[in-house]
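Okay, structure first, notes after.
The values are calculated or read from the model by the stated rules, or taken from the named source; none is laboratory data. The structure displayed is predicted, hence computed values, not measured ones. Cβ coordinates were reconstructed from backbone atoms using ideal geometry, including for glycine residues, and neighbour counts include every protein chain displayed. Note: accessible area is taken over every heavy atom of the protein model, side chains too, but ligands, DNA and RNA are not part of it. Shrake-Rupley method; radii C 1.70, N 1.55, O 1.52, S 1.80 Å.
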Protein chains: 2
Amino acid sequence: MGAVVGVPTLLYLPFCSFNIASPLPNVIYGFTGFKIVELHKAEQGRTDGWNRRRYTGAMKFCSHCGSDAVSFAIPEGDDRPRHLCGGCGAIHYINPRVIVGSLPYLGDRVLLCKRAIEPRLGLWTLPAGFMENGETSEEGALRESWEEARANIRVDDLYTIYDIPHINQVYLMYRGELTDTNFGPGPESLEVELFHEEEIPWEEIAFPIMRETLEHYFSDRREGRFPLHRGVIHRKL
Amino acid sequence: MGAVVGVPTLLYLPFCSFNIASPLPNVIYGFTGFKIVELHKAEQGRTDGWNRRRYTGAMKFCSHCGSDAVSFAIPEGDDRPRHLCGGCGAIHYINPRVIVGSLPYLGDRVLLCKRAIEPRLGLWTLPAGFMENGETSEEGALRESWEEARANIRVDDLYTIYDIPHINQVYLMYRGELTDTNFGPGPESLEVELFHEEEIPWEEIAFPIMRETLEHYFSDRREGRFPLHRGVIHRKL
């Protein structure tokens, strides 16, 4: 069962490190002795479900010893399946990733980027991407606003936090005023423009999380206050 | 240079999947053709610095093809070093992890757990641990409060967000009232107790992020309001 985990997942591998809609999970490492727990039918189904929904970035070889004896089962003392190396005993943990981004504004206009990369190539989004190691989430949001829109912003505050459990992502979006108008498309953008509320291409927004963040912003602008908004984006059924 | 990345890092591997202070990074996968960029001296030093500080969970073998030709260099078109497979062309991306937790309270008392595991074994902390795939951050906080303290809480709201860039972690702590007093130590806790402010063992709090979250809480209690607090924990110099 575990052996097949890695195979179909190759289809999901992104060709760009900034693919913010990638379903690939994080993988981390731990070592411990383990016994692969025999899975009865119920657990088997449960495990396969987890596999399909949450472990699409599964490994074929152990990254510590190179063994291909990587299975997918519940380690002793754990309560969910992990990728287990039968060669060296490594347990490979998979965790969600953080996407950091910003809502850059100037006066009553908001900056959007037309995506030059898949997914949703040609649709509009707020600048955002994978948080990198060694940076804070705010530093990451500033970095992404520069990389995607060559935009310089002064961060006001964290504005929206969204969980997207079916793709194992947490979004942290910061609200910030542009400090200049020298913005322009970075390598991942076709165009970068400022939009008044009535100009927003609502039917061409790349991701639900970006649409909801924009809706919160224009609503809050009318109220004159910008509280933190939390939300969960579920897979469309 | 790249070849030695994985070796010393084995020393850092945790023996417990709930080691919330683990410096291990996340690793994710992407495929693309790449050319390993020659590193001049400055980049070399920069890369080694990143390696020591941020890539302690580096891989020795490619998890996609099993090759041991894994180097650590800046891919063409990227701006920071990644783990690159010379065998199949995989680029292995490393990203921060999310720690989800809670501040469970009852009346004017707060629940703390005495850690039964390293690091900081025997010190007190709020229940928290790695966010798992397929759950929301709030679901993860509820799960951890049960796993570590057998505590059932009704979440009020997200309360503190802390970046800890030197260990590549983002903490999301939720504030919640205990719905009953049937709490008790889970496998990772030696004791679980409710503390009045004057009873908090300030000198025995396991992690700075927990100390700061507790300080915010008791201060906010006096004000009668609990706004979101953001913070950054930097490595002690």
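So the values come out like this:
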{"quantity": "Where A meets B: accessible area buried, both sides, 1.4 Å probe, Å²", "calculated": "5000 Å²"}
{"quantity": "Most positive-pole-ward Cα, A:Gly129, A:Pro187, A:Trp202, against dipole of segment A:97-232 from beta carbon charges", "calculated": "A:Gly129"}
{"quantity": "Protection proxy ranking of B:131-141, B:216-226, B:59-69 - average other beta-carbon atoms within 10 Å, highest first", "calculated": "B:131-141, B:59-69, B:216-226"}
{"quantity": "Table column - 3J(HN,Hα) (Hz), segment B:84-101, Karplus curve with 6.51, -1.76, 1.60, x for Gly and Pro", "calculated": "10, 8, x, x, 10, x, 5, 10, 9, 8, 10, 9, x, 10, 9, 9, 10, x"}
{"quantity": "Antiparallel content of DSSP bridges confined to segment A:81-237, in %, to 5", "calculated": "65 percent"}
{"quantity": "Cα-derived Rg to Rh of segment B:162-235, Kirkwood definition", "calculated": "0.97"}
{"quantity": "Amide H partners (placed H, <5 Å) of A:Met131, local residues excluded", "calculated": "A:Val98, A:Ile99, A:Val100"}
{"quantity": "Segment A:126-167, accessible area per residue, ligands and nucleic acids excluded (1.4 Å, Å²)", "calculated": "25 Å²"}
{"quantity": "Residues with amide H under 5 Å from that of A:Tyr159, placed H, sequence gap 5 or more", "calculated": "A:Met173, A:Tyr174, A:Arg175"}
{"quantity": "Kirkwood-based Rg to Rh ratio, segment A:65-156, C-alpha trace", "calculated": "1.21"}
{"quantity": "Packing-based ranking, highest mean first, of B:170-178, B:190-198, A:154-162 given that Cβ atoms within 10 Å are counted", "calculated": "B:170-178, A:154-162, B:190-198"}
{"quantity": "Amide H contacts under 5 Å for B:Arg82, placed H, 5+ residues apart", "calculated": "B:Ala73, B:Ile74"}
{"quantity": "Label distances, nm, A:Arg150 versus same residue in remaining copies, Cβ-directed 7 Å point", "calculated": "6.2"}
{"quantity": "Shortest-first distances to equivalent copies, position A:Glu198, nm, label 7 Å out along Cβ", "calculated": "6.3"}
{"quantity": "Interface residues in segment B:93-130 - accessible area drops by 50 Å² or more relative to the isolated chain, probe 1.4 Å", "calculated": "B:Asn95, B:Pro96"}
{"quantity": "³J(HN,Hα) computed for each position of segment A:171-179 - Karplus, 6.51 cos²θ - 1.76 cosθ + 1.60, integer Hz, glycine/proline x", "calculated": "9, 10, 10, 9, 9, x, 7, 5, 8"}
{"quantity": "For segment A:140-146, Karplus couplings with θ = phi - 60° (6.51, -1.76, 1.60), whole Hz, Gly/Pro x", "calculated": "x, 5, 5, 4, 5, 5, 6"}
{"quantity": "Shielding by other protein chains, B:157-167, mean Cβ within 10 Å", "calculated": "3"}
{"quantity": "Inter-probe distance in nm under a simple model that places probes 7 Å from Cα toward Cβ, at B:Arg109 and A:Asp79", "calculated": "2.4 nm"}
{"quantity": "Peptide-level mean, for B:82-92, of C-beta atoms on other protein chains within 10 Å", "calculated": "1"}
{"quantity": "Linear extension gain, B:Asp157 paired with B:Leu121, 0.36 nm per residue minus alpha-carbon span", "calculated": "10.1 nm"}
{"quantity": "Shortest-first nm distances, B:Glu215 label point to equivalent points in other copies (7 Å, Cα→Cβ)", "calculated": "4.0"}
